[in-house]
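The values are calculated or read from the model by the stated rules, or taken from the named source; none is laboratory data. Worth saying up front: this structure is predicted, and the values here are computed from it rather than measured. Using ideal geometry, Cβ is built from the backbone for each residue, glycine included, and neighbour counts are taken over all protein chains shown. These accessible areas exclude ligands, DNA and RNA; they are computed on the full protein's heavy atoms, side chains included. Shrake-Rupley method; radii C 1.70, N 1.55, O 1.52, S 1.80 Å.
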Amino acid sequence: MSSTANGSVTMTLDGSNKSFSLPLRPGTIGPSVADVSKLYGNLGIFTYDPGYGMTASCESKITYIDGDEGVLLHRGYPIDQLAEQSTFLEVAYLLLNGDLPTTAERDEFEHGVMRHTMLHEQLRRFYDGFRRDAHPMAVLCGVVGALSAFYHDSLDINDPEVRRISAFRLIAKLPTIAAWAYKYSIGQPFMYPRNDLGYAENFLYMMNAVPAEPYHVSPVLARAMDRIFILHADHEQNASTSTVRLAGSTGANPFACIAAGIASLWGPAHGGANEAVLKMLGEIGHKDNIPGFIEKVKNKDSHVRLMGFGHRVYKNYDPRAKIMERTCHEVLAEMGIKDDPLLDLAMELERIALHDDYFISKKLYPNVDFYSGIILKAMGFPTSMFTVLFAVARTVGWISQWKEMIEDPSQRIGRPRQVYTGPVRRDFVPLDARG
Ligand code: CMC
């Protein structure tokens, strides 16, 4: 899987007569990339790119983002079309397999996923090892990592059938693991999955039902949950996906790789931002306090950021944020919430920020997390579960990217280089001679 070079860019080492022609690799859309893989052999230098903002770490056919235009495509399909017209499991099929399924393929895929929703009973006891007040992301990370101890038959990553079944298991079991992390934290009995329900519907059932009485999942909320899952399904080579690919490049099993992705997603600069947005809105408290808060954000020394704003790739409105805002209004209407002070506060904060020179000049716009927390809160999720929901959805993207990487013949172990700035070689000094 390797695009053919098309053109080149020449690099010349100042002060020497050495130069090297870097082949340019075009994508189907988006800018070409200069292939630096043979640079050291020819010029004796590496490239320096902290945060990898200018580095393409792989070729991928899964997701395309145009950050300047605010475009997000999965296998070529715009995110708004998928969010409006598709379902999460159909998007999962698309991400994994490259094309939308036929009816028969969709039915077979959905059946395949939904037949794997149960957890091994032994895994159930694993939960007892966590403190009752453990953060559900910590539980998720631990339980997903532990899945590799339960599927000894699924660790040969070179077998396509093993890759297929691992994808099913991960996509199917994440909602169960996540819902049980929540039930454990509130001391309610675990609810077993119901395979007669849709994917998002079953998740809401396991979260909210109790064995003592019947529970009916609202179709509006199930649809909103499904859409939230679609919006979080994949986002090309972000920090957690790159973590999954890096872990996977060593040949580690998929359960361990996804656990690594979950750990990476947890941080407030990444998936933890939805939780941080609600905390921030709570701290602002009232519209009157917005100007003061904005001033604090603009003061670099305060180290305060407007959470839910800004993105490494989007320098325009995140297309997911627009759909999220629409979904937010639908959910609040379904919940009978006419005036939500948090939503009012968020909308006013957005309005003020979008008219402020600081945010305009730095091209900082709302990202997917700005509104998602408000929806999730209205749906009854505690803030500690927000990033967990992100992880449930992103598992599809992670496993698709992992599978693509394993199937790429040019794949090598991920191993960045560095500029060493420590001490040059020196000799050991015995303790008694150090003064
Ligand atoms: N509030 C205030 N200033 C900001 C913000 C913000 N949210 N984001 C970026 N800036 C400023 C930053 O201080 C810097 O200013 P200067 O050029 O004067 O030094 C400039 O904008 C560029 O920022 P950066 O940190 O170099 O940009 P980055 O690409 O490294 O960071 C980001 C991207 C998402 C980590 C950052 O925008 C951020 O911290 N946002 C808030 C957290 C957040 O909402 N994260 C969710 C991201 S979307 C979901 C996901 O992918 O997980």
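The table that follows gives values for the structure above.
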| read-out | value |
| --- | --- |
| Spatial separation of Cα centroids for segment 187-220 and segment 276-327, in angstrom | 33 |
| Computed Rg/Rh of the chain, alpha carbon atoms with Kirkwood Rh | 1.00 |
| About the Cα centre, charge dipole magnitude for the chain (Lys/Arg +1, Asp/Glu -1 at Cβ), debye | 1260 |
| Per-pair calculated FRET efficiency, R0 = 30 Å: ASP107 and LYS315 via Cβ, rounded to 0.05 | 0.15 |
| Förster radius 41 Å - calculated FRET efficiency between SER21 and ASP99 (Cβ-Cβ, nearest 0.05) | 0.65 |
| Contact order normalised by residue count of segment 287-408, Cα under 8 Å, 6+ apart, percent | 34 |
| Contour excess over end-to-end distance, with Cα ends at LYS300 and VAL220 and 0.36 nm allotted per residue | 24.6 nm |
| Segment 16-113 - percent relative contact order, Cα under 8 Å, separation 6 or more | 13 |
| Carbon and sulfur %, accessible surface of the chain computed with the full protein complex present, 1.4 Å | 53 |
| log10 of Debye I(q)/I(0), alpha-carbon scatterers only, for segment 42-127 at 0.23, 0.24 Å⁻¹ | -1.11, -1.16 |
| Cα-based Rg and Dmax for segment 48-193, where Dmax is the largest Cα-Cα distance (Å) | 18.4, 52 |
| Computed over the chain: relative contact order in percent, which uses C-alpha pairs under 8 Å that are six or more apart | 20 |
| Loop chymotrypsin sites (Phe, Trp or Tyr not before Pro), segment 366-421, which have at most 12 other Cβ atoms in a 10 Å radius of their Cβ (DSSP) | TYR420 |
| Spin-label pair SER57/VAL210, simplified geometry with 7 Å Cα→Cβ offset, distance in nm | 4.4 |
| Coil-residue chymotrypsin sites (Phe, Trp or Tyr not before Pro) of segment 290-338, DSSP, other Cβ within 10 Å capped at 16 | TYR317 |
| In segment 298-368, the trypsin sites (Lys or Arg not before Pro) that fall in loop regions by DSSP, at most 16 other Cβ within 10 Å | ARG305, ARG312, LYS315, LYS338, LYS362, LYS363 |
| Ranked packing of 61-72, 422-433, most packed first, by mean Cβ within 10 Å | 61-72, 422-433 |
| Point-charge dipole on Cβ atoms (K/R +1, D/E -1) for segment 1-141, about Cα centre, debye to 20 | 620 |
| Highest average packing first - 94-100, 245-251, 12-18, Cβ atoms within 10 Å | 245-251, 94-100, 12-18 |
| Degrees between helix 136-147 axis and first principal axis of the chain (Cα, 0 to 90, nearest 10) | 70 |
| Fully extended contour minus Cα-Cα distance, from LYS279 to LEU13, at 0.36 nm per residue | 90.7 nm |
| Karplus-derived 3J(HN,Hα), 6.51/-1.76/1.60, for each residue of segment 25-37, Hz, glycine and proline x | 9, x, x, 6, 9, x, x, 6, 10, 7, 7, 9, 5 |
| Segment ASP408-TYR40, length gained on full extension (0.36 nm per residue, minus Cα span) | 130.1 nm |
| Å² per residue, accessible surface of the chain at 1.4 Å | 50 |
